[in-house]
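Worksheet for the structure shown next.
Every number here is computed from the coordinates shown, using simple stated rules; none is lab data. Keep in mind that this is a model prediction, so the values were computed, not measured. Neighbour counts are summed over all protein chains in view; Cβ atoms, including those assigned to glycine, are modelled from backbone coordinates with ideal geometry.
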């Protein structure tokens with residue numbers, strides 16, 4: 001039953017909540033707004049709120065005169081590639097852990113989680129050297145490999161928590177009906193797990209897209225995704241705030257939208273099922 | 001429980017994930033441990049000498065290490081306090097019946113999805129810039145002298161930026177936990193004469209304790225490796241003011257090419273992270289036996 | 001054909017033995033019911049026959065062929081699960097057709113067989129719906145449909161009616177019995193409900209702690225229970241079991257009398273007692289009577305019997321309907 005409260009109280013709470021929400025959201029809003037200003041207006045004080053000459057010039061410039069499209073493409077390839085590769089490796093494993101658990105399943109799952117807690121700097125040097133020796137530095141392949149591995153434990157865990165909610169009976173019924181193991185997975189398990197797989201994909205695309213340790217340290221120019229492209233704006237010469245804002249807006253918009261859609265599943269994915 | 005055939009199939013299906021992760025963990029970890037005992041600089045290849053614990057000694061006796069250690073503790077600690085405290089307040093607020101709850105929720109969680117590089121640069125330039133930044137304008141409008149955030153209070157600035165990024169995470173998880181609170185229990189307590197304050201203290205807070213633990217542990221893991229935010233704003237400076245252990249190792253490895261020293265630092269970072277990880281793994285593991 | 005033979009079948013999960021050494025024959029065309037309290041191993045036994053679990057040792061023959069290590073799908077058995085285990089993302093048509101698709105039949109043949117099955121089970125109007133849009137009874141029929149299209153050597157039912165409400169359960173019970181008459185295929189049915197066992201079975205297998213307590217037709221079990229356990233488990237309401245002096249007088253460690261085999265009288269009989277509770281069902285009246293020196297006895301009288309709690313009453317067990325048990329609980 002919904003709680004009923006007095007209208008004045010609800011009004012007051014609404015005002016407070018909207019104020020706080022707006023405050024937290026402000027930097028994002030400000031970035032988007034600045035992206036439509038000229039460079040001069042972007043740094044003017046007092047800042048222009050609405051009354052400036054709205055322009056999409058920055059987007060045009062960023063798209064045509066920089067390597068933005070290349071880096072955006074790198075981000076897409078790396079995020080999607082590592083997520084799909086991760087799913088391919090994780091789905092069979094999650095099936096095994098959820099439907100044929102053994103005595104050590106729990107230990108294996110927790111151990112997988114613990115690899116996620118290995119701080120990246122702890123293995124920076126060897127990974128850097130291995131990548132250098134095998135020509136993987138500044139390649140999309142290299143980044144796909146790294147991001148697949150660092151997100152694999154999360155993918156396995158999320159799928160595992162979703163698979164566990166599917167009754168084992170149904171898979172046994174498929175087995176009785178003559179389905180081989182691959183057919184059982186393809187015809188019965190995967191269609192039933194579509195929502196879970198979708199939110200696992202979303203969360204992983206978000207994590208891979210925003211990852212900023214390995215993408216910054218293992219790329220230079222060719223394979224640099226948007227994180228590295230935007231980090232280049234930190235150089236002190238010249239204040240290209242409007243262009244920075246335009247590039248940033250384009251870099252965060254798709255992820256923001258995906259994140260908003262998957263916020264419910266996110267909690268579960270990020271807490272490894274500890275909070276639902 | 002199943003047949004020997006399905007169990008065998010299960011082992012086969014789990015094998016790629018398990019073996020890949022094992023390799024991903026064991027090989028680099030072994031190399032880090034090995035390198036940490038060598039005098040090994042990338043600029044002087046072929047000159048590697050076994051030096052035992054010299055790198056550790058060098059790393060730990062370097063005053064920069066202790067500054068970085070202290071910075072790391074201050075940064076992680078303050079961000080935890082801000083995000084958990086703010087997260088509880090925000091979660092309580094968002095749990096109230098209000099108009100447009102969905103929209104407010106979307107606004108509040110937005111920062112979490114902004115890539116760290118972007119949020120650091122936006123804060124650094126658009127907001128914190130000493131001349132053209134919004135904060136400077138606000139200060140001047142109110143009659144104060146604007147401060148140069150990133151040079152005058154660098155660590156505080158970093159804490160503000162990273163807290164802004166992680167506040168949504170804490171809020172979202174605490175809100176989820178709050179929504180699973182038993183309404184009847186609350187109503188029963190209200191019937192028993194418990195005021196809002198004591199209801200929060202005796203019912204809500206204990207209910208949230210588990211979620212709070214999870215938030216603290218997971219955030220600690222991520223916060224210990226905050227990197228991009230420091231790289232694009234202060235570069236660890238001024239001086240060593242915002243150098244954390246993660247950042248120190250990065251400098252040692254990729255700027256000074258000191259593989260041995262960086263590896264020793266990496267091992268120390270691993271040990272620190274593991275102290276937290278043990279607690280986290282335990283609390284998640286408990287959840288598995290239901 | 002569908003003869004199932006279990007020889008020295010044993011099942012242990014790690015250290016705990018669920019089924020210790022069991023032999024059983026189920027004849028072709030027979031309706032066999034495994035019945036017992038929860039945890040007695042009846043479902044495990046069914047899953048062993050299905051091949052969803054391995055036997056720890058022993059041998060399972062189906063139609064004279066050793067199937068002990070054969071995969072579930074290759075045993076020519078079909079199973080109906082307690083939860084129905086329908087594929088929620090498929091329509092009824094595709095649910096029923098799934099085993100045929102897995103067997104590699106072509107579309108036309110699948111459609112024909114699915115439609116035949118749907119006609120038998122009155123599912124034709126629902127073929128294009130998904131399980132989520134069906135009632136419990138309809139889902140049950142889809143599960144059965146999925147089993148019949150395979151034309152199996154035997155059907156296995158794992159407590160198929162336990163998720164239905166009481167009225168529907170009686171209907172489905174009849175439908176399954178009719179189906180057995182029509183198809184004449186072997187059926188193995190697991191339930192904890194002795195009423196289902198009594199009404200449907202040709203052969204009842206009473207299980208307790210993994211052991212077979214007794215095998216027999218419903219009437220055999222009712223009139224000649226092999227031991228106390230079967231005596232108490234079969235029949236509703238439960239048999240009155242009496243030990244102590246009254247049993248000794250009859251030369252047994254314990255005696256049992258069913259409520260329907262006790263004559264009730266207001267003025268004469270073997271045992272005198274006081275009525276504690278009266279249950280009026282209309283067709284029968286059940287009296288709970290406290291008999292000093294014996295125990296509390298439940299007696300059934302046909303029709304309405306006007307008596308109130310606290311009033312005295314005489315009870316007489318029918319001679320020849322008294323079951324005698326020795327110290328180990330075996331029937332004498």
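Using r as the Cβ-Cβ distance of residue C:182 and residue B:179, and R0 as 56 Å, what FRET efficiency do you calculate, to the nearest 0.05? Don't skip to the end; give the middle numbers.
Values: r = 53 Å, r/R0 = 0.94.
Taking R0 as 56 Å, the efficiency between residue C:182 and residue B:179 is 0.60.
So how many Å³ per residue does the convex hull of the Cα atoms of the stretch B:153-290 work out to?
Details: hull volume 18.3 nm³, N = 138.
Cα convex hull per residue, to the nearest whole number: 132 Å³.
Would you please put C:250-263, B:113-126, A:18-31 in order of how densely packed they are, using the mean number of other Cβ atoms within 10 angstrom per residue and starting with the highest?
Details: C:250-263: 19.4, B:113-126: 25.4, A:18-31: 17.4.
The densest-packed peptide leads the list: B:113-126, C:250-263, A:18-31.
Given the convex hull over the Cα atoms of the stretch A:7-59, what projected area results after averaging over all orientations, in nm²?
Working: hull surface 19.2 nm².
Mean projected area for the stretch A:7-59: 4.8 nm², to one decimal.
Can you tell me the convex hull volume per residue for the stretch B:209-290, based on C-alpha atoms, in Å³ to the nearest whole number? Before the final figure, lay out the partial values.
Details: hull volume 8.9 nm³, N = 82.
Dividing the Cα hull volume of the stretch B:209-290 by its residue count gives 108 Å³.
Would you mind checking the tilt of helix C:166-183 against the longest principal axis of the Cα atoms of chain C, expressed as 0 to 90 degrees and rounded to 10?
60 degrees
Within 10 Å, count the other beta carbons around each residue, average over each peptide in C:93-105, A:118-130, and list them highest first. Provide the component values of the computation, followed by the final result.
On the way: C:93-105: 20.6, A:118-130: 23.5.
Averaged packing, sorted descending, gives the order A:118-130, C:93-105.
Roughly speaking, what % of Cα-Cα pairs in the stretch C:238-325 are separated by over 17 Å, rounded to a whole number?
Details: 1631 of 3828 pairs.
That fraction is 43 percent.
Run through all the Cα pairs of the stretch B:1-69 and give the fraction in each 10 Å bin from 0, expressed as whole percent.
Percent of pairs per bin, in order: 16, 25, 23, 14, 13, 9, 0.
Classify the stretch A:21-97: rounded, prolate or oblate, from the alpha-carbon gyration tensor (a ≥ b ≥ c, eigenvalue square roots; a/c under 1.5 rounded; otherwise prolate if a/b is larger than b/c)? Walk me through the numbers on the way to the answer.
Values: a/c = 5.67, a/b = 2.10, b/c = 2.70.
Taking the square roots of the gyration eigenvalues as a ≥ b ≥ c, the stretch A:21-97 is oblate.
Taking chain B as a Gaussian network, where each spring joins two C-alpha atoms under 10 Å apart, which residue of B:205, B:231, B:22 fluctuates the most?
Of B:205, B:231, B:22, the Gaussian network model singles out B:22 as fluctuating most.
Can you give the alpha-carbon Rg of chain A over 2.2 N^0.38 Å, where N counts its residues?
Normalised Cα radius of gyration, chain A: 1.24.
Quick one: grab Rg to one decimal and Dmax as a whole number for chain B, Cα atoms only, in Å.
23.9, 78
Report the relative contact order of the stretch C:4-231, percent, no decimals, based on alpha-carbon pairs under 8 angstrom and at least 6 residues apart.
Details: 412 pairs, mean separation 65.3, N = 228.
Computed value for the stretch C:4-231: 29 percent relative contact order.
For chain B, with a Gaussian network of springs between Cα atoms less than 10 Å apart, report the residue from B:210, B:140, B:105 with the top mean-square fluctuation.
Taking springs between Cα atoms under 10 Å, the residue moving most is B:140.
Would you look at the GNM of chain B, springs on alpha carbons closer than 10 Å, and say which of B:16, B:168, B:154 moves the most?
Highest fluctuation of the listed residues: B:16.
Using the alpha-carbon centroid of each, what span in Å lies between the stretch A:41-105 and the stretch B:31-61?
37 Å
Take peptide B:214-222, look around each residue's Cβ out to 10 angstrom, count Cβ atoms belonging to other protein chains, and average those counts.
Numbers: counts 6, 4, 0, 3, 7, 0, 1, 4, 2.
Per residue, the number of nearby Cβ atoms from other chains is 3 on average.
Give me the three principal axis extents of the protein assembly as shown from the C-alpha atoms, as integers in angstrom, largest value leading.
Per principal axis, max minus min of the Cα coordinates gives 112, 67, 61 Å.
Quote the relative contact order of chain B in percent (integer), defining contacts as alpha-carbon pairs under 8 Å separated by 6+ residues. Walk me through the numbers on the way to the answer.
Working: 305 pairs, mean separation 82.1, N = 290.
Computed value for chain B: 28 percent relative contact order.
I want the antiparallel fraction of DSSP beta bridges within the protein assembly as shown, as a percent rounded to 5. Each step should come with its number before you reach the end.
Working: 52 of 70 bridges.
Among the beta bridges of the protein assembly as shown, antiparallel pairing accounts for roughly 75 percent.
What is the calculated FRET efficiency for residue A:221 to residue A:6, with r their C-beta to C-beta distance and R₀ = 60 Å, to the nearest 0.05? Please report the intermediate quantities before stating the final value.
Working: r = 61 Å, r/R0 = 1.02.
After rounding to 0.05, the efficiency reads 0.45.
Test of understanding: extend the Cα→C-beta vector of residue C:283 to 7 Å, then name every residue of the stretch C:251-273 with backbone N under 20 Å from that spot.
Within reach of a label on residue C:283: C:258-264.
Take every Cα pair under 8 Å in the stretch A:64-270 that's 6+ residues apart, average their separations, divide by the length, and report that relative contact order as a whole percent.
Numbers: 174 pairs, mean separation 70.6, N = 207.
So the answer I get is 34 percent.
Can you grab the distance from the C-alpha centre of the stretch C:247-296 to the C-alpha centre of the stretch C:97-123, Å, no decimals?
56 Å
Counting each DSSP H run of 4 or more residues in chain C as -39500 (n - 2.57), what helix-only mean residue ellipticity at 222 nm follows after dividing by all residues, to the nearest 500 deg cm²/dmol? Write down the numbers at each step before the final one.
Details: 9 runs with 89 residues, N = 332.
Helix-only estimate at 222 nm: -8000 deg cm²/dmol.
For chain B, what does the helix formula give at 222 nm: sum of -39500 (n - 2.57) over DSSP H segments with n ≥ 4, over the residue count, nearest 500 deg cm²/dmol?
Working: 14 runs with 205 residues, N = 290.
Estimated from H runs of four or more residues: -23000 deg cm²/dmol.
Averaged across B:127-136, how many Cβ atoms of other chains sit within 10 Å of each residue's Cβ atom?
Working: counts 4, 0, 3, 0, 3, 7, 4, 7, 0, 1.
Average per residue, whole number: 3.
For chain A, find the longest principal axis of its Cα atoms and tell me its angle to the long axis of helix A:120-133, 0 to 90°, nearest 10.
90 degrees
Do the sum for chain A: with -39,500 (n - 2.57) for every DSSP H run of n ≥ 4, divided by all residues, what is the mean residue ellipticity at 222 nm, to the nearest 500 deg cm²/dmol?
On the way: 13 runs with 188 residues, N = 276.
Rounded to the nearest 500, the figure is -22000 deg cm²/dmol.
For the stretch B:1-131, what does the alpha-carbon gyration tensor say about shape, rounded, prolate or oblate, given a ≥ b ≥ c as the root eigenvalues, a/c under 1.5 as rounded, and a/b over b/c as prolate? Write down the numbers at each step before the final one.
On the way: a/c = 2.64, a/b = 1.21, b/c = 2.18.
Oblate, since a/c reaches 1.5 and b/c is not below a/b.
Which whole number gives the average count of other chain Cβ atoms within 10 Å of the Cβ atoms across peptide A:206-213?
Working: counts 3, 0, 0, 2, 10, 3, 11, 8.
For peptide A:206-213, the averaged partner shielding equals 5.
Counting pairwise Cα distances across the stretch C:68-108, what percent come out greater than 16 angstrom?
Working: 393 of 820 pairs.
When every Cα pair of the stretch C:68-108 is considered, 48 percent fall beyond 16 Å.
Given the Cα atoms of the stretch C:31-91, and with Rh set as the inverse mean 1/r over their pairs in the Kirkwood sense, what is Rg to Rh to two decimals? Could you put the intermediate results ahead of the total?
Working: Rg = 13.4 Å, Rh = 13.3 Å.
Rounded to two decimals, Rg/Rh equals 1.01.
Please determine, in degrees from 0 to 90 and to the nearest 10, the orientation of helix C:107-120 with respect to the longest principal axis defined by the Cα atoms of chain C, where the helix direction is its Cα long axis.
It is inclined by approximately 20 degrees.
Roughly what percent of Cα-Cα pairs across the stretch C:4-231 reach past 30 Å? Each step should come with its number before you reach the end.
Values: 6283 of 25878 pairs.
Of all Cα-Cα distances in the stretch C:4-231, 24 percent exceed 30 Å.
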